[in-house]
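Accompanying notes for the structure given below.
The values are calculated or read from the model by the stated rules, or taken from the named source; none is laboratory data. Just so you know, these numbers come straight off a predicted model, no measurement behind them. Note that we place each Cβ from the backbone using ideal geometry, even for glycine, and neighbour counts take in every protein chain shown. All accessible areas refer to the heavy atoms of the entire protein, side chains included, with ligands and DNA or RNA removed. Shrake-Rupley method; radii C 1.70, N 1.55, O 1.52, S 1.80 Å.
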Amino acid sequence: MFESPLKSNARNAWSESQEELSETEPVSPVSKGNRGKKKKKRRQQPQQQKTEKRSVSAPQLCAEESFDREDEQSEKRYTDYDEPIVRGIFQIGKKSHDVLLTSMRVTWSPIQPETPTGQSETLRRTEYVELKDVFGVKVKRRRSAGQETGGTLLGITLFHCKKKGPKLKDHAIHFNNMSVDHCEIWFKKLKEILSGFQNRPKSLKVFVNPASHKKEAYQIYRDDVAPLFQLADIKADVTITERKGHALSVLKESNLDGYDGVVVVGGDGSVAEVAHGLLLRAQMDAGRDTDSMFTPVRATLPLGLIPAGSTDVVACSVHGIRHPVTAAMHIIMGHHQEVDVCSFSCLGRLLRFGFSAMFGFGGRTLALAERHRWMPPGQRREFAVIKTLANLKPEDCELSYLPVKKVQTETLDPVKNEYLKDDMEEEESWTTTRGLFLNVSIMAIPCLCSMAPRGLAPNTRLNNGSMALIAAGNTSRAEFIKHLKRYNSVNNQFSFSFVETQTVWAVRLRPRSQSSWSDDIAEDNGEYDSKNTPIISSEGAYPWNIDGDLLEVPSELLIRLHPQLLTLFVSPPGYILNS
């Protein structure tokens with residue numbers, strides 16, 4: 001009765017799988033528990049004996065076997081809308097269970113005699129797991145110490161994604177049965193169903209930055225992420241980056257056709273480099289001239305973010321939490337969401353793609369921290385903030401922006417896989433202001449982090465088709481510090497007269513001084529008027545903080561938003577996971 005056709009990939013998975021779980025502690029076999037139940041059932045009524053004879057240790061293919069009326073009613077109540085595929089007996093914990101597999105879930109109920117009233121309580125304790133939450137199935141064996149292959153078959157184990165508060169975690173359910181035929185049928189059927197989830201990746205290109213934060217990125221990948229990829233049968237091609245720009249060069253030169261996605265394990269700088277590399281590769285493949293103004297095309301591969309940096313602003317904004325396992329589970333489950341991306345251009349030439357930018361205080365702080373990389377990360381960041389605040393000076397800028405309400409949104413051309421913008425009079429739509437600014441932030445994502453739990457731009461979403469422009473005008477050092485402290489509190493950080501916020505589609509910032517600032521200027525406690533004196537130096541470039549990466553721009557910078565240009569591995573809106 002087991003002649004139902006099986007797919008070849010499921011058959012090979014059973015015969016060639018080398019990822020079997022080892023179990024060193026003894027587990028009571030199902031047959032032993034059944035013997036005890038048989039002795040007890042001899043004293044039951046004949047009708048109960050008749051029902052017991054239909055519970056067998058081998059699986060029953062439900063399409064080929066008939067059940068009595070009571071069993072059919074039981075199946076209907078806890079499968080509702082789904083047709084049964086296979087049914088059998090497994091030991092879960094210390095009790096034997098009647099287990100049913102459908103195309104959408106695995107359901108199990110403890111096997112027990114009827115109550116004195118003649119009613120069964122089985123359905124009241126029925127449990128199940130949705131197959132959309134299951135990401136792996138493995139053979140479970142008992143092996144002695146030092147034994148790497150073989151061993152006594154104990155059953156199979158299901159691994160599923162489980163929500164615990166804001167985090168996602170992997171959870172194992174052990175179905176014990178020592179019958180080889182029994183487990184083989186179930187293993188193959190489960191493999192067939194799991195292989196049918198098309199969005200789940202099978203092969204990934206992984207970049208690990210070993211220098212991120214406390215140099216823990218490789219350990220995080222090895223201990224927290226790689227075992228989960230292995231359980232999900234995901235092949236990972238890992239590159240350990242050796243220098244800045246290494247991942248970018250690999251993405252530009254490698255053949256990416258065999259991958260289902262790209263994963264980066266690192267901080268914001270690593271994420272920015274890989275995201276830029278994916279999008280730049282897409283423009284190259286589409287023949288776009290990046291030395292002129294152009295309409296970018298979407299990246300073909302989704303990007304997964306495993307947080308392993310000091311702040312992980314992008315990863316926290318995407319996942320809502322800084323948790324490597326949560327990020328890995330989104331990748332494994334194939335959760336996709338399209339997000340908005342900015343392009344940064346100077347003199348008509350593309351500099352890079354990214355998610356956020358800061359000029360003034362944010363750029364100066366990062367530049368100063370980069371000059372003191374010999375310090376530990378936390379100490380370096382704190383030193384840079386204090387030193388920049390001590391030398392706080394405004395920038396004399398011309399700031400222009402295109403409000404969202406004055407611009408028609410871009411529409412996706414499904415044939416060319418690119419966004420098209422309707423013709424409009426852009427020059428007439430620009431709103432321009434000139435003056436002294438302490439900091440200017442342009443953000444297409446909320447920019448969550450430990451220092452700003454609500455986000456640097458709390459009113460921005462991942463794909464709402466707009467950017468947040470936050471301009472802090474010139475004010476006293478004390479007032480500016482109050483503004484910064486508000487980011488770590490529940491108070492509104494924008495409720496200051498010198499802070500202006502706008503929802504924009506494009507921003508153009510032009511420093512009005514002929515040269516840039518220098519980190520070392522005024523370090524000798526020189527006197528200056530902080531309200532009226534712009535920062536001037538002779539280096540000819542202005543520092544920008546682009547997603548935690550330092551970018552020096554010699555003149556005007558143009559930031560444009562491109563809706564849903566990049567796909568990320570992240571829980572899509574409306575997705576509900578069982579707790």
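At a glance:
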{"quantity": "Tally, over the stretch 395-428, of residues that are in contact with a helix residue (DSSP H, G or I) (Cβ under 6 Å, 6 or more places away or on another chain) and modelled with pLDDT under 85", "calculated": "1"}
{"quantity": "Selected residue (criterion: surrounded by the fewest Cβ atoms within 10 Å (Cβ to Cβ)) from residues of the stretch 373-386 that are hydrophobic (A, V, I, L, M, F, W, C) and assigned to a loop (DSSP other than H, G, I, E, B)", "calculated": "TRP374"}
{"quantity": "Members of the stretch 175-190 that are part of a helix (DSSP H, G or I), aliphatic (A, V, I, L, M) and open to solvent by 10 Å² or more (accessible area, probe 1.4 Å)", "calculated": "VAL180, ILE185"}
{"quantity": "Pairs with Cβ under 7 Å, 6+ apart, first in the stretch 252-271 and touching a residue at least 40 places away in the same chain (Cβ under 8 Å) and closer than 11 Å to GLY304 by Cα, second open to solvent by 20 Å² or more (accessible area, probe 1.4 Å) and of a type in the set (Val, Ile, Thr)", "calculated": "VAL265/ILE220"}
{"quantity": "Positions within the stretch 456-470 being buried (at least 21 other Cβ atoms within 10 Å of the Cβ) and of a type in the set (Gly, Ala, Ser), in sequence order", "calculated": "ALA457, SER466, ALA468"}
{"quantity": "Some residue of the stretch 134-148 being of a type outside the set (Gly, Ala, Ser), modelled with pLDDT under 80, outside any strand (DSSP E or B) and within 34 Å of the chain's Cα centre (by Cα)", "calculated": "yes"}
{"quantity": "Subset of the stretch 150-166 (residues that are open to solvent by 10 Å² or more (accessible area, probe 1.4 Å) and touching a residue at least 12 places away in the same chain (Cβ under 8 Å))", "calculated": "GLY151, THR152, LEU153, PHE159, HIS160, LYS162, LYS163, LYS164, PRO166"}
{"quantity": "In the stretch 471-504, residue farthest from THR567 (Cα to Cα) [restricted to those that are hydrophobic (A, V, I, L, M, F, W, C) and open to solvent by less than 10 Å² (accessible area, probe 1.4 Å)]", "calculated": "PHE480"}
{"quantity": "Unique match (being modelled with pLDDT under 95 and open to solvent by 30 Å² or more (accessible area, probe 1.4 Å)) among SER292, SER317, SER270", "calculated": "SER292"}
{"quantity": "Unmet requirement for ALA172, which otherwise passes all of (1) of a type in the set (A, V, I, L, M); (2) surrounded by fewer than 16 Cβ atoms within 10 Å (Cβ to Cβ); (3) in a helix (DSSP H, G or I)", "calculated": "(3)"}
{"quantity": "Tally, over the stretch 231-258, of residues that are open to solvent by less than 20 Å² (accessible area, probe 1.4 Å) and touching a Ser or Thr at 6+ places or on another chain (Cβ under 6 Å)", "calculated": "1"}
{"quantity": "Boolean, GLY261 is under 20 Å from the mean Cα position of the chain (by Cα), crowded, with 22+ Cβ neighbours inside 10 Å and closer than 20 Å to VAL313 by Cα", "calculated": "no"}
{"quantity": "Residue list for the stretch 458-472, filter: closer than 28 Å to LYS393 by Cβ and touching a residue at least 40 places away in the same chain (Cβ under 8 Å)", "calculated": "MET467, LEU469, ALA471, ALA472"}
{"quantity": "Qualifying residues in the stretch 273-289 (those that are aliphatic (A, V, I, L, M) and open to solvent by 40 Å² or more (accessible area, probe 1.4 Å)) - the one farthest from LYS215 (Cα to Cα)", "calculated": "ALA286"}
{"quantity": "Scope the stretch 334-351; condition surrounded by fewer than 21 Cβ atoms within 10 Å (Cβ to Cβ) and among the charged types (D, E, K, R); matching residues", "calculated": "GLU338, ARG349"}
{"quantity": "Answer residue from the stretch 198-210, given it is open to solvent by 60 Å² or more (accessible area, probe 1.4 Å) and not basic (Lys, Arg) and is farthest from THR326 (Cα to Cα) among those", "calculated": "GLN198"}
{"quantity": "LEU366, sole failed condition from (1) touching a Leu at 6+ places or on another chain (Cβ under 8 Å); (2) open to solvent by less than 20 Å² (accessible area, probe 1.4 Å); (3) more than 13 Å from LEU557 (Cβ to Cβ)", "calculated": "(2)"}
{"quantity": "Residue among LYS164, LYS169 that alone is touching a Lys or Arg at 6+ places or on another chain (Cβ under 7 Å) and either assigned by the TED database to the domain that holds HIS330 or of a type outside the set (Ser, Thr, Tyr) (or both)", "calculated": "LYS169"}
{"quantity": "LYS205 at pLDDT 95 or above, under 18 Å from the mean Cα position of the chain (by Cα) and of a type in the set (D, E, K, R)", "calculated": "yes"}
